[in-house]
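Below: one structure in C-alpha cells.
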Amino acid sequence: MTKLLLDAGTTWSKIMELSKDGSFSDFFVEYEAHSQDVFDQNGNTLFSKSYLLPSKVLRKLPVQFDFATGHMVQNLLKEDSVYTNEIIALAYGSMKLVPELQNATVLDIGSRDAKWIRFKDGKYCDLDWNSACASSTGATVEMLCKFYDINTDDLSFVDEKYSLTCGIFGMEKIMDDIAKGQSAEVCISKYIHGLASNMWNFAKRPEEIYLSGGFCQNQCFVESLGKYCKVTPLGRNVLLMGLF
Amino acid sequence: MKNIVAFWGYPDPEILKNEIAKNPNCEIIDLDVDYGYPISGVMCEAYCKIIANIMNNAIFLRDKIKVIVASIGKEKCDSGHIAAILLKDMGFNVIETKYETYSHKASPTVISESNLPLKDKIDLIMQGVYKKNNLTLTPAVPEVGFWGVPPNDFELLELFPDSTHVFGWTRCVEANRPADLELEMMVNPNLPTVFFTQTFCAKMQLAKYLADKYNGLFIDVDDKVNKSAKAKIEAFIKLR
C-alpha cells in the first residue's frame, strides 16, 4: 500500500507516491515525472514516484491524500491525513534535501506568491511569505508567455530589468517596449529579471539562495537571480520532501 | 433611547469611571472592537482597521450612544484624535481625554504572564480599562512572546500556546501606563516573540524595529488574518 503526498499549488500540483515494496497506484500514470529512492525520518529507503499536473485536473481525480500542503487541498484530504503549512514543509524539505544546509536562504516561488526561510548555523533563523501582493510570480510569467506565444526555454538573461515593485506597472512596460519595436522575448526577459531582483530583495538580499519551485526550470530566471547571489536550484519537490 | 457609554483606547480612568457612574443603566462598549457593523463609508479604503471600527461602530450605534469617552493622547494615536474631532463634528457627545502622564508606578502584569489562553488574557486586560478584576491567576513559564495591540481579528491569537507572555501596548494597559513607550519597548530578549501591529498603524515602525532587534517575527494584519500570516506565526513558533 502506498502513501500519497500532495503539494497543491494554485495552478500546479506536485504529487509524490511513496511505496515500501515498489508497487504504485495508476492514478497519475499519464503525469509521471520521475522516480527516485528517498528516505523516511528513520532512514528507511522508500521507493517514490512524483508527478506534476494542473491543479484543475487534480480536482477531477477520485483520489485523496495522506499528507498535504498548499492552497488547494480542500476536499482532497483523507480523514486522518496530516496537513503541514507551506513554510514548515519548505523548512523540513530543504533540510532533508540539503543536510549540510548551515547558513543559507531557501526561497520558494509559486504561481502567485513567494516564501523564504533562512537558516543560521543549521537552525531556523528568519522567514517571510508575501501572499498578499507577490508583484507577479509564476502564473504571471506563464500567462505572458502564453499570450506572446513564447517558450520559456527560448528566453535568455538580459542585463536590463523592469522595476516590478508593482507587477501591473511592469506589464505596462512590456507593452510599451513591444509597441516601440522590441521583441517580446527580450521584454519578458527584462520582466523576469525584475522579478528575480524583487525576490532577492524580498529575501533580504542573501549571498546564497537555494531555489525551490517551478522557476528552477526557468533558466532565464535562474541566471537573473544569479546576478545578485549564488543560486542552487532544488527543484519542485522540496515541499513534498518536507511532508514525511 | 440612548443607553450606551462608549469609549476607545485607554481614556483617563477617572473620567471614564465618572461617566459610567453617571449612567449606571448604560451598556459600556469599546468602539475599537470589530462587531461586524456596516461600513460607514466615511473612512478611506486603506486605513487602520481599528480606527475604522471606531467610526463604523459609532455611526451605526449613533441613536444609542449617550457619550463617547475618547482617548486622544499618546496613549492612542493621532488618528484617534482626528476620529474624536470628526465624531464631534457629526454631533456626537464626545469627551476628549488624555492619559499620558502618570504619578503611579506600573501595576503588576499578572494577566500578561498568566497561563490563560492568549485571547482570554487580552480580553481580560482590555476589560480592565473599565472593570477591574480580582482573579487569582497562575503564572506560566513563557515559551513565546506576543507583542502588540489587541488585533482586530482574535483568530490570530488562537495560534499561540497558553504559556505566551504579553508585551507591548497591551501589557502597558495592564500596567496602567498606556503611553509608557519605555515599557512598550520592553521584551524578554530570550523569548521568541511575534511583533504584531495592525496594518497602517504607526506602531508598525516600532514593531518592525523591535522584531529586527530581537530576531522576532514582524507581522502586520489589516482586517482579517490571512493564511500566510497564520502560517508564518505557526512556523515561527514551531521552528524556534
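How many percent of Cα pairs in region B:137-200 exceed 18 Å? Provide the component values of the computation, followed by the final result.
On the way: 716 of 2016 pairs.
Result: 36 percent of Cα pairs exceed 18 Å.
Neighbouring Cβ atoms within 10 Å as the yardstick, rank A:His71, B:His104, B:His165 fewest first. Walk me through the numbers before you get to the answer.
Details: A:His71 19, B:His104 8, B:His165 25.
By the 10 Å Cβ count, ascending: B:His104, A:His71, B:His165.
Something else: Could you check which residue among A:Asp108, A:Asp66, A:Asp149 shows the biggest mean-square fluctuation in a GNM of chain A with a 10 Å Cα cutoff?
Among A:Asp108, A:Asp66, A:Asp149, the largest mean-square fluctuation in the Gaussian network model of chain A belongs to A:Asp149.
Please report the orientation-averaged projected area of region B:17-141, defined via the convex hull of its C-alpha atoms, in nm². Walk me through the intermediate numbers first.
Details: hull surface 38.7 nm².
For region B:17-141, averaging the hull's shadow over all directions gives 9.7 nm².
Using 1/(1 + (r/R0)^6) with R0 = 45 angstrom and r between the beta carbons of B:Ser40 and B:Glu158, what's the FRET efficiency to the nearest 0.05?
Numbers: r = 29 Å, r/R0 = 0.64.
Plugging the Cβ-Cβ distance into 1/(1 + (r/R0)^6) gives 0.95.
With both partners inside chain B, how many of the DSSP beta bridges are antiparallel, as a percent to the nearest 5? Present the calculation step by step, with values, prior to reporting the outcome.
Details: 1 of 25 bridges.
Roughly 5 percent of the DSSP beta bridges within chain B come out antiparallel.
Per residue, what volume in Å³ does the convex hull of the Cα atoms of region A:50-142 enclose?
Numbers: hull volume 11.8 nm³, N = 93.
So the per-residue Cα hull volume is 126 Å³.
When only Cα pairs under 8 Å and 6 or more residues apart are kept, what is the percent relative contact order across chain A? The partial results should precede the final answer.
On the way: 504 pairs, mean separation 46.8, N = 244.
The value is 19 percent.
Continuing with the same structure: Using a Gaussian network model of chain B with C-alpha springs under 10 Å, which one of B:Met90, B:Met126, B:Met204 is most mobile by mean-square fluctuation?
Ranking B:Met90, B:Met126, B:Met204 by mean-square fluctuation puts B:Met90 first.
Would you mind pulling out the separation of the Cα centroids of region B:42-108 and region A:180-212, in Å?
So the separation of the two Cα centres works out to 45 Å.
So how tilted is helix A:167-179 from the main axis of chain A? Cα-based, degrees 0 to 90, rounded to 10.
Once rounded, one gets 50 degrees.
For chain B, what are Rg and Dmax over the alpha carbons, in angstrom?
Radius of gyration, then largest Cα-Cα span, for chain B: 17.5, 54 Å.
I would also like to ask the following. If a/c stays under 1.5 just call it rounded; otherwise compare a/b with b/c (prolate if a/b is bigger, oblate if not). Do that for region B:118-239, with a ≥ b ≥ c from the square roots of the Cα gyration tensor eigenvalues.
Values: a/c = 1.36, a/b = 1.28, b/c = 1.07.
Rounded shape, in that the Cα axes give a/c under 1.5.
What does the structure give for A:78-87 when I average, per residue, the other chain Cβ atoms found within 10 Å of the residue Cβ? Please report the intermediate quantities before stating the final value.
Values: counts 0, 0, 0, 0, 0, 0, 4, 9, 5, 9.
Partner-chain Cβ atoms within 10 Å, mean over residues of A:78-87: 3.
Next question. Any chance you could run the full-extension gain for B:Asn190 through B:Asp63? It's 0.36 nm times the residue separation minus the Cα-Cα distance, nm to one decimal.
Working: separation 127, 0.36 × 127 = 45.72 nm, distance 4.98 nm.
That works out to 40.7 nm of additional length.
Note down the nm distance, to one decimal, between modelled labels 7 Å out along Cα→Cβ at A:Gln182 and at A:Asp37.
It works out to 5.0 nm between the two label points.
Given the Cα atoms of the protein assembly as shown, and with Rh set as the inverse mean 1/r over their pairs in the Kirkwood sense, what is Rg to Rh to two decimals? The partial results should precede the final answer.
On the way: Rg = 26.2 Å, Rh = 25.2 Å.
Reported Rg/Rh (Cα atoms, Kirkwood Rh): 1.04.
Just rank B:Ser114, A:Ser163, fewest to most, by other beta-carbon atoms within 10 angstrom.
Fewest-to-most Cβ neighbours within 10 Å comes out as A:Ser163, B:Ser114.
Would you work out the charge dipole size for the protein assembly as shown about its Cα centre, treating the Cβ of every Lys and Arg as +1 and the Cβ of every Asp and Glu as -1, and quote it to the nearest 20 debye?
Details: 51 positive and 62 negative charges, 167 e Å.
Here the protein assembly as shown has a charge dipole of around 800 debye.
Given points 7 Å out from each Cα along the Cα-Cβ axis, report the A:Thr232 to B:Asn226 separation in nanometres with one decimal.
3.1
So what's region A:3-83 giving for Cα Rg divided by 2.2 N^0.38 Å, two decimals? Display every interim value, and only then the final one.
On the way: Rg = 12.2 Å, N = 81, 2.2 N^0.38 = 11.7 Å.
Cα Rg divided by the expected 2.2 N^0.38 Å: 1.05.
Taking the number of other C-beta atoms within 10 Å as the exposure measure, put A:Met143, A:Met175, B:Met43 in order starting with the fewest. Numbers along the way, then the final one.
Working: A:Met143 14, A:Met175 11, B:Met43 20.
The order, fewest Cβ neighbours first, is A:Met175, A:Met143, B:Met43.
How many Cβ atoms of partner chains, on average, are near each residue of A:108-119 if near means within 10 Å of its Cβ? Please list the in-between numbers first.
Numbers: counts 0, 0, 0, 0, 0, 2, 0, 4, 0, 2, 0, 1.
Per residue, the number of nearby Cβ atoms from other chains is 1 on average.
Let a ≥ b ≥ c be the square roots of the eigenvalues of the Cα gyration tensor of region A:85-244; is it rounded (a/c under 1.5), or, if not, prolate (a/b larger than b/c) or oblate? Numbers along the way, then the final one.
Details: a/c = 2.10, a/b = 2.04, b/c = 1.03.
Prolate.
Moving to a separate point now. Length gain on complete extension for the stretch B:Ser103 to B:Ala21, per 0.36 nm per residue less the alpha carbon to alpha carbon distance? Write out the running numbers ahead of the final one.
Working: separation 82, 0.36 × 82 = 29.52 nm, distance 2.37 nm.
Extending this stretch completely gives an extra 27.1 nm.
A further question follows. Residue by residue through B:225-233, how many Cβ atoms from other chains fall within 10 Å of the Cβ on average?
Numbers: counts 0, 3, 6, 11, 3, 1, 11, 8, 2.
Taking the mean over all residues of the peptide, I get 5.
Using Cα springs under 10 Å in a Gaussian network model of chain B, which residue among B:Ala58, B:Ala46, B:Ala70 shows the largest mean-square fluctuation?
Of B:Ala58, B:Ala46, B:Ala70, the most mobile in the Gaussian network model is B:Ala46.
According to a simple spin-label model (label point 7 Å from Cα along Cα-to-Cβ), what is the distance in nm between A:Val57 and B:Val141?
With each label point 7 Å from Cα toward Cβ, the separation is 5.3 nm.
For each pair in A:Lys49/A:Lys146; B:Lys66/B:Lys208; A:Lys161/B:Lys232; B:Lys22/B:Lys105, compute the distance between the two Cα atoms and list the pairs where it is over 32 Å. Write out the running numbers ahead of the final one.
Working: A:Lys49/A:Lys146 29 Å; B:Lys66/B:Lys208 39 Å; A:Lys161/B:Lys232 30 Å; B:Lys22/B:Lys105 29 Å.
Over 32 Å apart, Cα to Cα: B:Lys66/B:Lys208.
Read-outs throughout are calculated quantities, based only on the coordinates presented, and are distinct from any laboratory measurement. Everything quoted here is computed from the prediction, not taken from an experiment. Don't worry about glycine lacking a Cβ; one is built from the backbone with ideal geometry, like all the others, and counts go over all protein chains shown.
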